[in-house]
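Novice: Mind looking over this structure? Questions follow.
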Amino acid sequence: MKTAIYPGSFDPITNGHISILRRGLEIFDRVIVAVAVNPEKQGLFPIPERLDMIEEVIKDIPGASVDTFDGLLVDYVINQGSNVILRGIRALSDFEYEFQMALMNRKLSRAVQSVFLMTDYKWFYVSSTIIKEAAELGGDINGLAPASVARRLKEKFEANRKAAAEKKG
């Protein structure tokens with residue numbers, strides 16, 4: 001059974017991520033969506049909420065699972081019995097960053113390979129950051145993120161607006 005590790009912050013998971021996951025499962029038997037724990041970065045959603053959202057979204061996708069990791073990605077990959085890092089690329093700017101990361105990971109472990117999938121054209125402009133910004137400003141993000149994720153984003157920003165209003169008044 002060939003396993004790929006699909007790492008990222010997934011704050012939150014988007015339809016672009018799901019597309020890469022599904023396409024990765026056409027190549028690999030199993031893909032682990034690995035949420036990176038980075039204590040230096042404060043995400044919108046805490047790690048447990050991200051895991052819940054991802055589990056909800058992938059529950060009916062055979063071969064997909066979710067986990068967290070901290071430390072070196074290559075160590076996590078090897079500990080999972082894999083040698084493949086799966087990443088999606090949208091634009092040239094993604095390529096530069098991903099290329100640097102792939103080279104560093106290759107330096108850290110020659111056994112680990114990076115596999116890149118180009119995003120589907122309809123997700124080319126979609127990122128977690130852009131979706132969060134649109135949702136925060138009340139934009140319609142339906143179709144850009146799974147429905148359950150879009151709902152949680154809306155709830156999160158409504159709660160944040162309510163808390164800010166209560167602080168003021």
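The values are calculated or read from the model by the stated rules, or taken from the named source; none is laboratory data. Being a predicted model, the structure only gives us computed values, none of them experimental. With ideal geometry, Cβ positions are generated from the backbone for all residues, glycine too; neighbour counts draw on all protein chains shown.
Novice: When region 106-148 is examined, which residues are found to be farther than 30 Å from N83 by Cβ, in contact (Cβ under 8 Å) with a residue 12 or more places away in the chain and in a helix (DSSP H, G or I)?
Specialist: I131, K132, A135, E136, S148
Novice: Residue under question is A4, and the condition is that it be crowded, with 20+ Cβ neighbours inside 10 Å and of a type outside the set (D, E); does it hold?
Specialist: On the way: crowded, with 20+ Cβ neighbours inside 10 Å: yes; of a type outside the set (D, E): yes.
Yes.
Novice: Does V77 fit the bill of being under 17 Å from the mean Cα position of the chain (by Cα) and closer than 30 Å to A159 by Cβ?
Specialist: On the way: under 17 Å from the mean Cα position of the chain (by Cα): yes; closer than 30 Å to A159 by Cβ: no.
Judged against the criteria, V77 is not a match.
Novice: Which one of these does V66 not meet: (1) surrounded by 18 or more Cβ atoms within 10 Å (Cβ to Cβ); (2) in contact with a Pro (Cβ under 9 Å, 6 or more places away or on another chain)?
Specialist: Among (1) surrounded by 18 or more Cβ atoms within 10 Å (Cβ to Cβ); (2) in contact with a Pro (Cβ under 9 Å, 6 or more places away or on another chain), V66 violates only (2).
Novice: Another question about this same structure. Mind checking which residues of region 61-85 are farther than 28 Å from Y125 by Cα, among the hydrophobic types (A, V, I, L, M, F, W, C) and assigned to a helix (DSSP H, G or I)?
Specialist: V74, V77, I78
Novice: Here are the criteria: (1) out of contact with any helix residue (DSSP H, G or I) (no Cβ under 9 Å at 6 or more places or on another chain); (2) outside any helix (DSSP H, G or I). Tell me which single one G88 does not satisfy.
Specialist: Among (1) out of contact with any helix residue (DSSP H, G or I) (no Cβ under 9 Å at 6 or more places or on another chain); (2) outside any helix (DSSP H, G or I), the lone unmet condition for G88 is (1).
Novice: Further, regarding this structure: Being surrounded by 15 or more Cβ atoms within 10 Å (Cβ to Cβ) and within 17 Å of V33 (Cβ to Cβ) is the filter here, so list the residues in region 69-88 that pass it.
Specialist: Across region 69-88, the qualifying residues are F69, L73, Y76, V77, Q80, S82, V84, I85, L86, R87, G88.
Novice: Residues being more than 15 Å from the chain's Cα centre (by Cα), over 21 Å from L72 (Cβ atoms) and at pLDDT 90 or above: count how many of those fall in region 92-117.
Specialist: Total satisfying the criteria: 0.
Novice: What pairs can you find where one residue is in region 10-25 and under 20 Å from P62 (Cβ atoms) and basic (K, R), the other is assigned to a loop (DSSP other than H, G, I, E, B) and modelled with pLDDT of 95 or more, and their Cβ atoms are less than 9 Å apart, with a gap of 6+ or different chains?
Specialist: R22/I61
Novice: Same structure, new question: Among the listed residues V84, V74, identify the single one that is under 19 Å from I20 (Cα atoms) and at pLDDT 95 or above.
Specialist: The unique qualifying residue is V84.
Novice: Would you check if E166 is surrounded by 11 or more Cβ atoms within 10 Å (Cβ to Cβ), outside any loop (DSSP other than H, G, I, E, B) and free of Cβ contacts under 8 Å to residues at least 60 places away in the same chain?
Specialist: Values: surrounded by 11 or more Cβ atoms within 10 Å (Cβ to Cβ): no; outside any loop (DSSP other than H, G, I, E, B): yes; free of Cβ contacts under 8 Å to residues at least 60 places away in the same chain: yes.
Taking the combined requirement at face value, the residue does not satisfy it.
Novice: Hey, any hits in region 25-33 for a residue that's outside any helix (DSSP H, G or I), touching a helix residue (DSSP H, G or I) at 6+ places or on another chain (Cβ under 6 Å) and at pLDDT 95 or above? Don't jump to the end; show me each part of the working.
Specialist: Step one: filter region 25-33 for residues outside any helix (DSSP H, G or I), giving 25-33.
Filter once more, keeping what is touching a helix residue (DSSP H, G or I) at 6+ places or on another chain (Cβ under 6 Å): 31, 33.
Now drop any that are not at pLDDT 95 or above, which leaves 31, 33.
Within region 25-33, one or more residues are outside any helix (DSSP H, G or I), touching a helix residue (DSSP H, G or I) at 6+ places or on another chain (Cβ under 6 Å) and at pLDDT 95 or above.
Novice: Being small (G, A, S) and assigned to a helix (DSSP H, G or I) is the filter; apply it to region 91-105 and report the residue that is farthest from P39 (Cα to Cα).
Specialist: So the residue we want is S93.
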